[in-house]
Amino acid sequence: MRGVRRLFPLRAAVAFLAIVATPLSALAAAFEVPSPEEIFQRVFATEEREPNTLSADAVIKFRVKKSLSDLPDCVLSGTAHVDKGHQVMSIKEGAGGTLCWVARYALGQGFDVGEALRETLPLLDLRVLALKLVGGDRCYLVEGKAPDPKTQLRELIVWVDYDKGLLTDGTLVYPWGSLDVQQEYARLAGDWVVTRQYLYTSRFNASLEISYKNFRIADP
């Protein structure tokens, strides 16, 4: 998440590919394009290299009908625990009020992008749309659509840093609406950990911004 910006809606992102990326056909001679499955396997492999037991201090900012430049409606602090790939958020401090209760509820749902993809990818028709180079890394735009309308995750379009194996941003579409996701990373003990997340849903015009610091790896 760099600066104050909101992701393109899913279909708009496809329409603006000519602006933000290079069509695959233009770079076919320079790069061997991996399959969508190979791209996501890079992401899963990076997640598996994370320490099995990890915790970090978290600051959560909840906004309704506001941009990132505006003061949040609610600020919470807590601890994020990751145990064998599953994250649990424990809230320690925060103001009361309805909006903070909503933020606590949203955090309690335990949304995890990697877990959502692992469960649903086999049910999607996937294709690689475009490639862009970021700091020398190959980043691919992957689209997925569920042929069965009963599938929980109906559609996605995400950017994946293929060389690092990191999902950086994208949009996921569910029956209840769409969810925009942005993630920033840093090195920890030779591996990558999420340092900042931004989740936005246009249905409620609400966002969660989560910053992580003071990472701790438990003794084996």
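Laboratory data are not the source of any read-out in this text; all were calculated from the coordinates shown. All figures in this text were calculated on a predicted structure; none of them were measured in a lab. Backbone-built Cβ (ideal geometry, glycine too); neighbour counts: all protein chains shown.
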Checklist entry - If r is the Cβ-Cβ distance from residue 145 to residue 213 and R0 is 41 Å, what FRET efficiency results, to the nearest 0.05? => result 0.65
Checklist outcome for this item: Sequence order, segment 71-81: Karplus ³J(HN,Hα) from phi using 6.51 cos²θ - 1.76 cosθ + 1.60, θ = phi - 60°, Hz rounded, Gly and Pro as x, gives 5, x, 6, 8, 10, 10, 10, x, 10, 9, 10
Item to check | Debye equation applied to the C-alpha atoms of segment 119-220, log10 I(q)/I(0) at 0.13 Å⁻¹ | outcome: -0.58
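Given the pairs 61/213; 66/132; 92/213; 66/92, which are separated by over 21 angstrom at their Cα positions?
Values: 61/213 15 Å; 66/132 30 Å; 92/213 15 Å; 66/92 25 Å.
Among 61/213; 66/132; 92/213; 66/92, the Cα-Cα distance tops 21 Å for 66/132; 66/92.
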Checklist entry - By how many nm would the segment from residue 189 to residue 57 lengthen if fully extended, with 0.36 nm per residue of separation less the alpha-carbon distance? => result 45.8 nm
Item to check | Built amide H within the under 5 Å cut-off of residue 163, gap 5+ | outcome: 138
Next on the checklist: Between residue 71 and residue 105, how high is the FRET efficiency from 1/(1 + (r/R0)^6) when r is the Cβ-Cβ distance and R₀ = 22 Å? Nearest 0.05.
Outcome noted: 0.55
Checklist outcome for this item: In nanometres, the difference between 0.36 nm per residue of separation and the alpha-carbon distance of residue 196 and residue 137 is 19.2 nm
Checklist outcome for this item: Of 145-152, 162-169, 211-218, ordering from highest average Cβ density within 10 Å down gives 162-169, 211-218, 145-152
Checklist outcome for this item: Here FRET efficiency (C-beta to C-beta, residue 129 to residue 88, R₀ 30 Å, nearest 0.05) is 0.30
